[in-house]
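A short write-up of the structure that comes next.
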Amino acid sequence: MKTSMMKHVAYAALAAACIAGIAGCGQKKAKEYAGPKIGEGAIVALACRNAETTSLAPLAKKYKFGSLTADNMSKLPDEAKEIIKELGLDKTPAKWMAVTVGDVSAAVKGESAPEVAVALAMALDLDKTIAVCEKKLKEEKKDDEVSFKKATVAGVPAYEIHAKDSKMGGKAVVPCVASLDGQLVLAAMSADALAKQIALYRDGKGESKEFGAFSLGANDLIRAKALKIGDTVKKNLPSTDALKMINGIVPDGDKIVLGLGTLEVVAGASADGKNATLDVSIETATPEDADKLRTFAKTGLMTLTAAMKQSAEKDDDAKTAYGVLQGVKIVGEGKMAKLAAATPAEPLFKMASEKAKELAK
(Lines give C-alpha, C1' and ligand atoms only; values in the text may rest on other atoms or scores of the structure.)
Protein backbone atom coordinates (compact mmCIF):
# COMPACT_ATOMS: atom_id res chain seq x y z
CA MET A 1 0.00 0.00 0.00
CA LYS A 2 1.40 3.37 -0.95
CA THR A 3 2.57 5.81 1.75
CA SER A 4 0.08 8.45 0.57
CA MET A 5 -2.77 5.97 0.93
CA MET A 6 -1.65 5.10 4.47
CA LYS A 7 -1.58 8.82 5.24
CA HIS A 8 -5.18 9.24 4.19
CA VAL A 9 -6.26 6.16 6.12
CA ALA A 10 -4.67 7.91 9.11
CA TYR A 11 -6.89 10.91 8.44
CA ALA A 12 -9.87 8.56 8.47
CA ALA A 13 -8.69 7.37 11.86
CA LEU A 14 -8.50 11.00 12.98
CA ALA A 15 -12.10 11.44 11.92
CA ALA A 16 -13.00 8.38 13.94
CA ALA A 17 -11.06 9.78 16.90
CA CYS A 18 -13.47 12.69 16.97
CA ILE A 19 -16.26 10.33 17.94
CA ALA A 20 -15.48 10.45 21.64
CA GLY A 21 -17.63 12.64 23.89
CA ILE A 22 -20.57 12.92 26.24
CA ALA A 23 -24.16 13.97 25.54
CA GLY A 24 -25.39 17.19 27.10
CA CYS A 25 -27.25 16.92 30.41
CA GLY A 26 -30.36 18.63 29.08
CA GLN A 27 -30.64 16.42 26.01
CA LYS A 28 -33.96 14.70 25.39
CA LYS A 29 -34.08 10.93 25.13
CA ALA A 30 -32.78 10.24 21.63
CA LYS A 31 -33.22 7.50 19.09
CA GLU A 32 -31.20 4.35 19.72
CA TYR A 33 -29.29 2.53 17.00
CA ALA A 34 -29.43 -1.22 17.57
CA GLY A 35 -26.61 -2.37 15.33
CA PRO A 36 -24.42 -1.80 12.28
CA LYS A 37 -25.62 -1.44 8.69
CA ILE A 38 -23.57 -1.99 5.57
CA GLY A 39 -23.93 0.41 2.65
CA GLU A 40 -23.96 -0.40 -1.05
CA GLY A 41 -20.52 -0.67 -2.62
CA ALA A 42 -18.78 -2.00 0.50
CA ILE A 43 -16.45 -4.95 -0.03
CA VAL A 44 -15.20 -5.28 3.56
CA ALA A 45 -17.09 -4.76 6.81
CA LEU A 46 -16.06 -5.15 10.43
CA ALA A 47 -18.22 -4.72 13.53
CA CYS A 48 -17.22 -5.06 17.16
CA ARG A 49 -18.53 -4.47 20.66
CA ASN A 50 -17.24 -4.22 24.22
CA ALA A 51 -16.81 -7.56 26.02
CA GLU A 52 -18.84 -6.13 28.91
CA THR A 53 -21.98 -6.30 26.75
CA THR A 54 -21.61 -10.07 26.19
CA SER A 55 -21.55 -13.21 28.31
CA LEU A 56 -17.86 -12.42 28.93
CA ALA A 57 -18.85 -9.49 31.17
CA PRO A 58 -17.82 -11.21 34.47
CA LEU A 59 -14.34 -11.96 33.11
CA ALA A 60 -14.01 -8.50 31.57
CA LYS A 61 -14.82 -6.99 34.96
CA LYS A 62 -12.53 -9.36 36.85
CA TYR A 63 -9.54 -8.61 34.63
CA LYS A 64 -10.45 -4.94 34.13
CA PHE A 65 -11.04 -4.97 30.38
CA GLY A 66 -13.51 -2.70 28.64
CA SER A 67 -14.58 0.25 30.76
CA LEU A 68 -12.15 2.98 31.76
CA THR A 69 -12.20 2.11 35.45
CA ALA A 70 -10.21 4.03 38.03
CA ASP A 71 -7.73 1.15 38.10
CA ASN A 72 -7.26 1.22 34.32
CA MET A 73 -7.06 5.02 34.31
CA SER A 74 -4.26 4.98 36.87
CA LYS A 75 -1.99 3.20 34.36
CA LEU A 76 -2.38 5.85 31.67
CA PRO A 77 -0.15 8.91 31.08
CA ASP A 78 -1.41 12.12 32.74
CA GLU A 79 -2.18 13.73 29.36
CA ALA A 80 -4.33 10.74 28.33
CA LYS A 81 -6.21 10.87 31.65
CA GLU A 82 -6.90 14.56 31.14
CA ILE A 83 -8.36 14.06 27.66
CA ILE A 84 -10.44 11.05 28.73
CA LYS A 85 -11.98 12.93 31.64
CA GLU A 86 -12.53 16.07 29.62
CA LEU A 87 -14.43 14.11 26.98
CA GLY A 88 -16.30 12.04 29.54
CA LEU A 89 -15.04 8.73 28.15
CA ASP A 90 -14.78 7.31 31.66
CA LYS A 91 -18.55 7.71 32.00
CA THR A 92 -19.87 7.08 28.48
CA PRO A 93 -19.25 3.56 27.14
CA ALA A 94 -19.51 2.75 23.45
CA LYS A 95 -22.10 0.12 22.46
CA TRP A 96 -20.74 -1.00 19.11
CA MET A 97 -18.59 0.16 16.21
CA ALA A 98 -18.60 -0.67 12.50
CA VAL A 99 -15.98 0.03 9.83
CA THR A 100 -16.63 -0.46 6.11
CA VAL A 101 -14.33 -0.26 3.11
CA GLY A 102 -15.45 0.15 -0.48
CA ASP A 103 -13.57 -0.44 -3.73
CA VAL A 104 -9.90 0.43 -3.10
CA SER A 105 -8.68 0.29 -6.73
CA ALA A 106 -8.50 4.07 -7.21
CA ALA A 107 -6.87 4.54 -3.79
CA VAL A 108 -4.20 1.92 -4.54
CA LYS A 109 -3.34 3.87 -7.71
CA GLY A 110 -3.20 7.12 -5.72
CA GLU A 111 -6.12 8.61 -7.63
CA SER A 112 -8.57 9.18 -4.76
CA ALA A 113 -9.08 8.59 -1.05
CA PRO A 114 -10.03 5.08 0.11
CA GLU A 115 -13.74 4.58 0.68
CA VAL A 116 -13.59 4.13 4.45
CA ALA A 117 -16.52 4.85 6.75
CA VAL A 118 -16.96 4.49 10.51
CA ALA A 119 -20.11 4.28 12.62
CA LEU A 120 -19.98 4.23 16.42
CA ALA A 121 -22.96 3.96 18.75
CA MET A 122 -22.10 6.25 21.64
CA ALA A 123 -23.60 9.26 23.41
CA LEU A 124 -21.85 12.34 22.08
CA ASP A 125 -21.73 16.09 22.13
CA LEU A 126 -19.91 16.62 18.85
CA ASP A 127 -19.33 20.36 19.34
CA LYS A 128 -17.66 19.73 22.69
CA THR A 129 -15.51 16.97 21.24
CA ILE A 130 -14.28 19.12 18.37
CA ALA A 131 -13.57 21.97 20.82
CA VAL A 132 -11.37 19.66 22.89
CA CYS A 133 -9.54 18.48 19.77
CA GLU A 134 -8.93 22.08 18.70
CA LYS A 135 -7.66 22.98 22.15
CA LYS A 136 -5.17 20.09 22.16
CA LEU A 137 -3.96 20.89 18.66
CA LYS A 138 -3.38 24.51 19.65
CA GLU A 139 -1.51 23.52 22.80
CA GLU A 140 0.75 21.28 20.73
CA LYS A 141 1.09 24.01 18.08
CA LYS A 142 -0.35 21.75 15.40
CA ASP A 143 -3.46 23.79 14.66
CA ASP A 144 -1.87 24.90 11.37
CA GLU A 145 -1.62 21.23 10.33
CA VAL A 146 -5.16 20.10 11.16
CA SER A 147 -8.28 22.22 11.44
CA PHE A 148 -12.04 21.72 11.67
CA LYS A 149 -14.72 23.53 9.68
CA LYS A 150 -18.46 23.46 10.38
CA ALA A 151 -20.60 22.11 7.56
CA THR A 152 -24.02 20.67 6.85
CA VAL A 153 -24.23 17.25 5.22
CA ALA A 154 -27.60 15.80 4.18
CA GLY A 155 -29.28 18.24 6.55
CA VAL A 156 -27.13 17.20 9.53
CA PRO A 157 -24.59 19.47 11.31
CA ALA A 158 -21.12 18.11 10.61
CA TYR A 159 -17.44 18.99 10.67
CA GLU A 160 -14.93 18.81 7.86
CA ILE A 161 -11.41 17.82 8.86
CA HIS A 162 -8.79 19.72 6.88
CA ALA A 163 -5.24 18.39 7.02
CA LYS A 164 -2.29 20.24 5.52
CA ASP A 165 -1.11 18.86 2.15
CA SER A 166 -3.78 16.16 2.18
CA LYS A 167 -4.31 15.27 -1.47
CA MET A 168 -4.74 12.23 -3.70
CA GLY A 169 -4.93 12.41 -7.46
CA GLY A 170 -4.63 16.18 -7.24
CA LYS A 171 -7.79 16.47 -5.14
CA ALA A 172 -7.96 17.51 -1.49
CA VAL A 173 -8.99 14.75 0.92
CA VAL A 174 -11.46 16.12 3.47
CA PRO A 175 -12.84 13.57 5.96
CA CYS A 176 -16.16 14.50 7.59
CA VAL A 177 -17.78 13.59 10.89
CA ALA A 178 -21.34 14.01 12.20
CA SER A 179 -23.57 12.76 15.01
CA LEU A 180 -27.15 11.48 14.66
CA ASP A 181 -29.44 12.17 17.60
CA GLY A 182 -26.44 12.44 19.89
CA GLN A 183 -26.25 8.64 19.86
CA LEU A 184 -24.52 7.58 16.64
CA VAL A 185 -21.30 9.06 15.31
CA LEU A 186 -20.59 8.76 11.60
CA ALA A 187 -17.26 9.49 9.93
CA ALA A 188 -16.22 9.11 6.29
CA MET A 189 -13.51 10.19 3.89
CA SER A 190 -15.67 12.80 2.13
CA ALA A 191 -18.94 14.72 2.47
CA ASP A 192 -20.54 12.57 -0.25
CA ALA A 193 -19.55 9.38 1.55
CA LEU A 194 -20.85 10.77 4.84
CA ALA A 195 -24.16 11.66 3.16
CA LYS A 196 -24.54 8.01 2.16
CA GLN A 197 -23.90 6.93 5.75
CA ILE A 198 -26.53 9.38 7.01
CA ALA A 199 -29.05 8.10 4.47
CA LEU A 200 -28.25 4.53 5.53
CA TYR A 201 -28.76 5.00 9.27
CA ARG A 202 -31.27 7.86 9.34
CA ASP A 203 -33.45 6.95 6.36
CA GLY A 204 -32.76 3.25 5.89
CA LYS A 205 -31.66 3.84 2.28
CA GLY A 206 -28.74 2.33 0.37
CA GLU A 207 -28.18 -0.86 2.39
CA SER A 208 -26.07 -3.53 0.69
CA LYS A 209 -27.88 -6.68 -0.41
CA GLU A 210 -24.62 -8.56 -0.96
CA PHE A 211 -23.77 -8.53 2.74
CA GLY A 212 -27.11 -10.03 3.70
CA ALA A 213 -28.01 -10.09 7.39
CA PHE A 214 -24.71 -8.74 8.70
CA SER A 215 -25.12 -8.16 12.44
CA LEU A 216 -23.52 -8.83 15.80
CA GLY A 217 -24.97 -11.83 17.61
CA ALA A 218 -25.72 -11.61 21.33
CA ASN A 219 -22.23 -12.79 22.31
CA ASP A 220 -20.19 -11.80 19.25
CA LEU A 221 -17.20 -9.59 19.98
CA ILE A 222 -16.05 -9.17 16.39
CA ARG A 223 -17.70 -9.97 13.07
CA ALA A 224 -15.93 -9.35 9.78
CA LYS A 225 -16.84 -10.13 6.18
CA ALA A 226 -15.00 -9.58 2.90
CA LEU A 227 -16.60 -10.09 -0.52
CA LYS A 228 -15.07 -11.27 -3.79
CA ILE A 229 -11.52 -11.60 -2.47
CA GLY A 230 -10.14 -13.10 -5.67
CA ASP A 231 -11.63 -10.33 -7.81
CA THR A 232 -10.18 -7.67 -5.50
CA VAL A 233 -6.72 -9.23 -5.75
CA LYS A 234 -6.96 -9.35 -9.56
CA LYS A 235 -7.97 -5.68 -9.76
CA ASN A 236 -5.23 -4.41 -7.48
CA LEU A 237 -2.16 -6.51 -8.24
CA PRO A 238 0.00 -5.16 -11.09
CA SER A 239 0.75 -8.79 -11.90
CA THR A 240 -0.54 -12.08 -10.51
CA ASP A 241 2.87 -13.71 -11.12
CA ALA A 242 3.85 -12.87 -7.53
CA LEU A 243 1.17 -15.28 -6.31
CA LYS A 244 2.97 -18.23 -7.87
CA MET A 245 5.29 -18.41 -4.86
CA ILE A 246 2.30 -19.75 -2.93
CA ASN A 247 2.34 -22.86 -5.10
CA GLY A 248 5.29 -24.18 -3.11
CA ILE A 249 3.06 -24.22 -0.03
CA VAL A 250 -0.33 -25.12 -1.48
CA PRO A 251 -0.68 -26.84 -4.86
CA ASP A 252 -2.17 -24.36 -7.36
CA GLY A 253 -2.18 -21.78 -4.57
CA ASP A 254 -2.21 -18.83 -7.00
CA LYS A 255 -5.33 -20.12 -8.75
CA ILE A 256 -7.01 -20.81 -5.41
CA VAL A 257 -6.40 -17.22 -4.24
CA LEU A 258 -7.75 -15.74 -7.47
CA GLY A 259 -10.88 -17.88 -7.11
CA LEU A 260 -11.66 -16.98 -3.50
CA GLY A 261 -15.10 -15.59 -2.75
CA THR A 262 -16.49 -14.50 0.61
CA LEU A 263 -14.50 -14.61 3.85
CA GLU A 264 -16.31 -14.45 7.20
CA VAL A 265 -14.78 -14.22 10.68
CA VAL A 266 -16.70 -14.28 13.97
CA ALA A 267 -15.00 -14.09 17.37
CA GLY A 268 -17.11 -14.26 20.48
CA ALA A 269 -18.12 -16.40 23.43
CA SER A 270 -20.37 -19.25 24.42
CA ALA A 271 -23.72 -18.41 26.00
CA ASP A 272 -22.42 -19.24 29.50
CA GLY A 273 -19.32 -17.08 29.03
CA LYS A 274 -16.93 -19.92 29.85
CA ASN A 275 -15.48 -20.37 26.37
CA ALA A 276 -14.06 -17.99 23.80
CA THR A 277 -15.01 -18.96 20.27
CA LEU A 278 -13.71 -18.31 16.77
CA ASP A 279 -15.26 -19.29 13.45
CA VAL A 280 -13.63 -18.59 10.10
CA SER A 281 -15.04 -19.62 6.73
CA ILE A 282 -13.78 -19.04 3.21
CA GLU A 283 -15.51 -19.74 -0.08
CA THR A 284 -13.43 -21.19 -2.93
CA ALA A 285 -14.09 -21.55 -6.66
CA THR A 286 -14.35 -25.35 -6.57
CA PRO A 287 -14.74 -28.21 -4.04
CA GLU A 288 -11.24 -29.34 -5.03
CA ASP A 289 -9.77 -25.96 -4.04
CA ALA A 290 -11.54 -26.12 -0.68
CA ASP A 291 -10.20 -29.63 -0.09
CA LYS A 292 -6.63 -28.42 -0.76
CA LEU A 293 -7.08 -25.57 1.72
CA ARG A 294 -8.50 -27.88 4.38
CA THR A 295 -5.63 -30.35 3.90
CA PHE A 296 -3.06 -27.56 4.17
CA ALA A 297 -4.73 -26.14 7.28
CA LYS A 298 -4.92 -29.54 9.01
CA THR A 299 -1.24 -30.24 8.31
CA GLY A 300 -0.21 -26.83 9.56
CA LEU A 301 -2.37 -27.17 12.67
CA MET A 302 -0.85 -30.55 13.55
CA THR A 303 2.70 -29.22 13.16
CA LEU A 304 2.03 -26.08 15.19
CA THR A 305 0.22 -27.98 17.96
CA ALA A 306 3.11 -30.45 18.29
CA ALA A 307 5.65 -27.61 18.52
CA MET A 308 3.54 -25.72 21.06
CA LYS A 309 3.13 -28.83 23.20
CA GLN A 310 6.88 -28.96 23.74
CA SER A 311 7.08 -25.25 24.59
CA ALA A 312 4.09 -25.53 26.94
CA GLU A 313 6.17 -27.52 29.41
CA LYS A 314 8.40 -24.49 30.04
CA ASP A 315 6.31 -21.41 29.23
CA ASP A 316 2.89 -20.36 30.61
CA ASP A 317 1.97 -18.35 27.51
CA ALA A 318 2.80 -21.34 25.32
CA LYS A 319 0.66 -23.48 27.60
CA THR A 320 -2.29 -21.16 27.02
CA ALA A 321 -1.64 -21.17 23.26
CA TYR A 322 -1.44 -24.96 23.29
CA GLY A 323 -4.83 -25.09 24.99
CA VAL A 324 -6.27 -22.85 22.28
CA LEU A 325 -4.83 -25.00 19.48
CA GLN A 326 -6.31 -28.13 21.00
CA GLY A 327 -9.76 -26.62 20.57
CA VAL A 328 -9.31 -25.87 16.85
CA LYS A 329 -11.06 -27.95 14.19
CA ILE A 330 -10.79 -27.73 10.40
CA VAL A 331 -14.14 -28.56 8.84
CA GLY A 332 -16.36 -27.63 5.90
CA GLU A 333 -17.71 -29.29 2.79
CA GLY A 334 -18.22 -28.48 -0.86
CA LYS A 335 -16.65 -25.14 -1.76
CA MET A 336 -16.30 -24.04 1.89
CA ALA A 337 -13.25 -24.39 4.12
CA LYS A 338 -13.89 -23.62 7.78
CA LEU A 339 -12.00 -23.27 11.02
CA ALA A 340 -13.92 -23.61 14.29
CA ALA A 341 -12.33 -23.07 17.69
CA ALA A 342 -13.52 -23.05 21.30
CA THR A 343 -11.28 -22.67 24.33
CA PRO A 344 -11.68 -21.68 28.00
CA ALA A 345 -11.90 -17.89 28.07
CA GLU A 346 -10.35 -17.13 31.46
CA PRO A 347 -6.76 -18.18 30.58
CA LEU A 348 -6.92 -15.81 27.59
CA PHE A 349 -8.12 -12.92 29.74
CA LYS A 350 -5.45 -13.68 32.34
CA MET A 351 -2.68 -13.74 29.75
CA ALA A 352 -3.91 -10.51 28.13
CA SER A 353 -4.11 -8.82 31.53
CA GLU A 354 -0.55 -9.81 32.39
CA LYS A 355 0.73 -8.55 29.04
CA ALA A 356 -1.09 -5.24 29.54
CA LYS A 357 0.57 -4.82 32.93
CA GLU A 358 3.99 -5.48 31.40
CA LEU A 359 3.39 -2.86 28.70
CA ALA A 360 2.25 -0.33 31.32
CA LYS A 361 5.53 -0.55 33.23
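The values are calculated or read from the model by the stated rules, or taken from the named source; none is laboratory data. Quick caveat, the model's predicted, so the values are computed rather than measured. A quick note on method: Cβ atoms are made from the backbone with ideal geometry, for glycine too, and the neighbour counts reach across all protein chains shown. Just so you know, the surface numbers come from the protein's heavy atoms only, side chains and all, with ligands and any DNA or RNA stripped out. Shrake-Rupley method; radii C 1.70, N 1.55, O 1.52, S 1.80 Å.
Being over 30 Å from residue 261 (Cα atoms), open to solvent by 60 Å² or more (accessible area, probe 1.4 Å), out of contact with any helix residue (DSSP H, G or I) (no Cβ under 8 Å at 6 or more places or on another chain) and in a helix (DSSP H, G or I) narrows it down to one residue among 319, 355, 298; which is it?
When all the criteria are applied, what remains is 355.
Report every pair of residues separated by at least 6 positions or lying on different chains whose Cβ atoms are under 8 Å apart, first residue within segment 151-179 and over 17 Å from residue 200 (Cα atoms) and without any contact (Cβ under 8 Å) to a residue 24 or more places away in the chain, second in a strand (DSSP E or B) and of a type in the set (Val, Ile, Thr).
162/146; 164/146; 174/161
Among (1) open to solvent by 50 Å² or more (accessible area, probe 1.4 Å); (2) in contact (Cβ under 8 Å) with a residue 60 or more places away in the chain, which single condition is residue 304 missing?
Evaluating residue 304 over (1) open to solvent by 50 Å² or more (accessible area, probe 1.4 Å); (2) in contact (Cβ under 8 Å) with a residue 60 or more places away in the chain leaves (2) as the failure.
Could you give me the residue pairs with C-beta distances under 8 Å whose first residue belongs to segment 326-341 and is at positive phi, whose second residue is outside any strand (DSSP E or B) wherever it lies, and which are 6+ apart or on separate chains?
Partner pairs satisfying both residue conditions: 332/290; 332/294; 334/287; 334/290.
Within the set of pairs 6 or more residues apart or between chains, which connect a residue that is touching a residue at least 40 places away in the same chain (Cβ under 8 Å) inside segment 99-124 to a residue that is of a type in the set (S, T, N, Q) and open to solvent by 30 Å² or more (accessible area, probe 1.4 Å) with Cβ atoms less than 7 Å apart?
104/236; 105/236; 106/112; 108/236; 110/4; 113/190; 121/183; 123/183
Please give the number of the condition residue 190 fails out of (1) over 21 Å from the mean Cα position of the chain (by Cα); (2) touching a residue at least 24 places away in the same chain (Cβ under 8 Å); (3) within 25 Å of residue 128 (Cα to Cα); (4) open to solvent by 40 Å² or more (accessible area, probe 1.4 Å).
(1)
Of the residues 196, 209, 228, only one is of a type in the set (Lys, Arg), out of contact with any strand residue (DSSP E or B) (no Cβ under 9 Å at 6 or more places or on another chain) and over 16 Å from residue 33 (Cα atoms); which?
209
Just for strands (runs of 3 or more DSSP E) wholly inside segment 90-174: which have at least 1 residues that are more than 30 Å from residue 227 (Cβ to Cβ) and at pLDDT 90 or above?
146-153, 156-163
Among the numbered conditions (1) touching a residue at least 60 places away in the same chain (Cβ under 8 Å); (2) loosely packed, with under 12 Cβ neighbours inside 10 Å, tell me where residue 141 comes up short.
Failing condition for residue 141: (1).
Residue check: is residue 262 more than 15 Å from residue 45 (Cα to Cα), touching an Asp or Glu at 6+ places or on another chain (Cβ under 8 Å) and polar (S, T, N, Q)?
no
Answer yes or no: is there a residue in segment 189-201 that is in a loop (DSSP other than H, G, I, E, B) and touching a Pro at 6+ places or on another chain (Cβ under 6 Å).
Yes, some residue in segment 189-201 is in a loop (DSSP other than H, G, I, E, B) and touching a Pro at 6+ places or on another chain (Cβ under 6 Å).
Return the residue satisfying two criteria in turn: it lies in segment 241-257 and is in a helix (DSSP H, G or I) and in contact with a Lys or Arg (Cβ under 7 Å, 6 or more places away or on another chain), and of such residues it is farthest from residue 108 (Cα to Cα).
Among them, the one singled out is 256.
I'm told residue 324 meets every condition in (1) open to solvent by less than 80 Å² (accessible area, probe 1.4 Å); (2) in contact with a strand residue (DSSP E or B) (Cβ under 7 Å, 6 or more places away or on another chain); (3) at pLDDT 95 or above except one. Can you identify the failing condition by its number?
Status for residue 324: all satisfied but (3).
Residue by residue through segment 208-238, note down the ones that are modelled with pLDDT under 95, open to solvent by 50 Å² or more (accessible area, probe 1.4 Å) and farther than 17 Å from residue 260 by Cα.
209, 213, 215, 218, 238
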